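Worksheet: the structure to be examined is printed underneath.
The values are calculated or read from the model by the stated rules, or taken from the named source; none is laboratory data. Worth saying up front: this structure is predicted, and the values here are computed from it rather than measured. Don't worry about glycine lacking a Cβ; one is built from the backbone with ideal geometry, like all the others, and counts go over all protein chains shown. These accessible areas exclude ligands, DNA and RNA; they are computed on the full protein's heavy atoms, side chains included. Shrake-Rupley method; radii C 1.70, N 1.55, O 1.52, S 1.80 Å.
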Amino acid sequence: MKLVHQINIAFGIALVLVISITAILIHYVLLDHFMVTQQADMKLVGSALTDTLKAEVMTESSNTLESTINPMISTHGITSIAAIVTDAQGNIIENTLSNSSSALEIFSSVDAIESTNLQQIWNGTDERFLTEVSIVPQGTLTLLTPVSKIKAIEQDLFGRLLIVFCIGGLLIMVLSHFITKKLITPLIKLKEELTKVKERQFASVNLVKAGGEIGAVAQTVYEMADELNRFNRAQKQFFQNASHELKSPLMSIAGYTEGIRDGVFEGESVRRGLDIILIESSRLKNIITEMTLLAKLDSEEDVYKPSTVSIKDLMQETLERVNPMTVKREVTLHCSYDDDEQLEVFADQDKLLQAFINVTSNAIRHAQKHIYIHAVIKKNRIELSISDDGSGIEEEVLPYLFHRFLKGKNGDTGLGLAISRAIVERCGGTITAENRKEGGALFTLSFPMMTEHQLTA
């Protein structure tokens with residue numbers, strides 16, 4: 001069964017239950033309300049009649065008594081009120097009714113009401129009537145209202161309320177159908193887009209427009225598909241670049257090896273060919289090592305072993321590692337940080353050192369004379385900036401600078417910055433690159449401060 005039908009059925013059952021319970025409660029509330037209201041009206045009428053009868057001189061005829069009681073009764077109460085006056089011995093003096101036909105059917109004859117019946121009414125054992133008994137000079141004044149008449153009025157009003165409930169429930173069901181359909185339609189479209197993701201058709205995934213949480217999920221799915229599409233393209237590009245990077249040294253090695261074997265090279269050419277074979281073999285080894293490291297950083301957890309690492313110590317060791325390169329290129333490194341600040345992060349020391357060396361080496365290759373390294377704490381994060389006074393990064397290369405096998409001017413394998421980003425991100429940090437207004441490039445590495453749990457670990 002479709003979700004839209006399930007929701008409509010569930011809502012319909014819930015609506016029927018709510019309306020049924022509400023109807024039952026209203027039925028009893030209305031009946032109690034009418035009973036209480038009629039009883040209060042009877043008390044008012046009884047009080048008025050009692051006062052009138054006490055003031056009258058009871059020497060007049062029964063016609064005079066009837067004319068006194070009848071107009072007062074006919075203007076009070078939810079339904080008909082019958083008045084019966086009895087003397088001290090319980091004999092009926094007069095019965096005065098309103099013009100209601102239902103009341104006349106009940107009290108069709110004065111002689112039909114016996115004293116035993118009146119006694120039951122006075123005792124409250126006759127549940128057919130609501131009664132109000134008052135003592136008057138003539139004897140006892142009894143006011144009667146048939147309960148059946150009150151129930152008939154209540155049932156008539158309740159029937160109209162049921163009609164209103166049914167019409168309202170029908171309108172709510174129709175409105176619920178349209179609202180549910182409006183909510184379910186984006187889910188159906190979202191299912192179609194997720195099917196595209198399942199079939200790896202990332203580029204054809206469209207954004208499903210919807211509001212609320214469904215819209216947020218749709219936006220997440222769209223962004224996920226876009227990220228998967230970029231990752232898919234990057235993977236294809238990676239394999240293309242990897243095959244190219246591996247093919248070039250292999251072709252050189254194979255060419256010189258065949259030339260030496262076939263005697264194409266002689267004398268000094270043989271030695272030069274062997275040197276090229278060694279250089280290309282070393283380059284091939286570096287590419288494979290870096291590719292293996294990248295694969296491990298992406299998939300293996302045990303390759304990364306975090307501990308408390310001092311940024312100051314790593315900076316000093318980085319300077320020692322790249323010193324031969326700076327001497328060769330005649331570049332000066334300027335390192336600065338606040339001695340009072342605890343520059344410590346929770347990371348893999350060897351991997352993070354490699355990331356520092358990769359970024360610093362990249363800066364040395366592009367710098368003219370100076371490189372500036374500065375560490376500081378900003379907004380509860382440790383920031384390490386590495387800048388140079390070179391020509392900067394090409395604008396068309398800048399967005400893809402940390403992609404694999406992207407080699408700029410004077411680049412090596414094209415994997416160094418990609419490895420640096422993978423390491424920094426595994427440390428919970430970020431790495432960005434931009435061009436300085438003064439000229440040259442600026443790399444910023446940002447790391448979270450160590451937590452109390454990490455400090456005590």
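Residue-wise HN-Hα couplings along the stretch 251-266, as the Karplus relation 6.51 cos²θ - 1.76 cosθ + 1.60 with θ = phi - 60° gives them from phi, are 5, 5, 4, 5, x, 5, 5, 5, x, 5, 5, 8, x, 5, 9, 9 Hz; Gly and Pro carry x. In this rough spin-label picture, where each label sits 7 Å from Cα along the Cβ direction, the S307-I276 distance is 4.6 nm.
For S391 and Q6, the FRET efficiency from 1/(1 + (r/R0)^6), where r spans their Cβ atoms and R0 equals 60 Å, is about 0.40. Taking a sphere under 13 Å around the Cβ of S47 and counting the other residues whose Cβ falls inside, with K and R at +1 and D and E at -1, yields a net charge of -1. Using θ = phi - 60° in the Karplus curve 6.51 cos²θ - 1.76 cosθ + 1.60, the 3J(HN,Hα) couplings for the stretch 318-334 round to 4, 4, 5, 5, 8, 4, x, 5, 5, 5, 5, 8, 6, 10, 9, 9, 10 Hz; x is entered for Gly and Pro.
Across the stretch 303-372, Cα-Cα pairs farther apart than 17 Å form 45% of the total. Straight-line cross-link reach from K189 at under 24 Å between alpha-carbon atoms covers these lysines, not counting any fewer than eight positions away in the same chain: K2, K181, K198, K209. Computed FRET efficiency, Cβ-Cβ of K182 and T292, R0 56 Å: what is it to the nearest 0.05? About 0.60, to the nearest 0.05.
Protection proxy ranking for 141-154, 33-46, using the average of other Cβ atoms within 10 Å per residue and placing the highest first: 141-154, 33-46. Can you work out the PRE-style zone for M173? Point 7 Å along Cα to Cβ, and I want the residues of the stretch 12-35 with backbone N under 20 Å. Under cut-off, by backbone N: 12-24. For the pair A254 and T37, label points projected 7 Å from Cα toward Cβ lie 10.2 nm apart.
The length gained on full extension between N232 and E425, counted as 0.36 nm times the residue separation minus their Cα-Cα distance, comes to 67.5 nm. Per residue, the accessible area of the stretch 180-288 comes to 70 Å², computed with a 1.4 Å probe over protein heavy atoms only.
Protein heavy-atom surface of the stretch 249-398, 1.4 angstrom probe: 49% of the accessible area is carbon and sulfur, with nucleic acids and ligands not counted.
Label positions at A14 and D350, each projected 7 Å from the Cα along the C-beta direction, are separated by 5.9 nm. Cross-link reach is defined here as a Cα-Cα straight distance under 27 Å, omitting same-chain residues fewer than 8 places apart; for K369 the lysines meeting it are K312, K328, K407, K409, K437.
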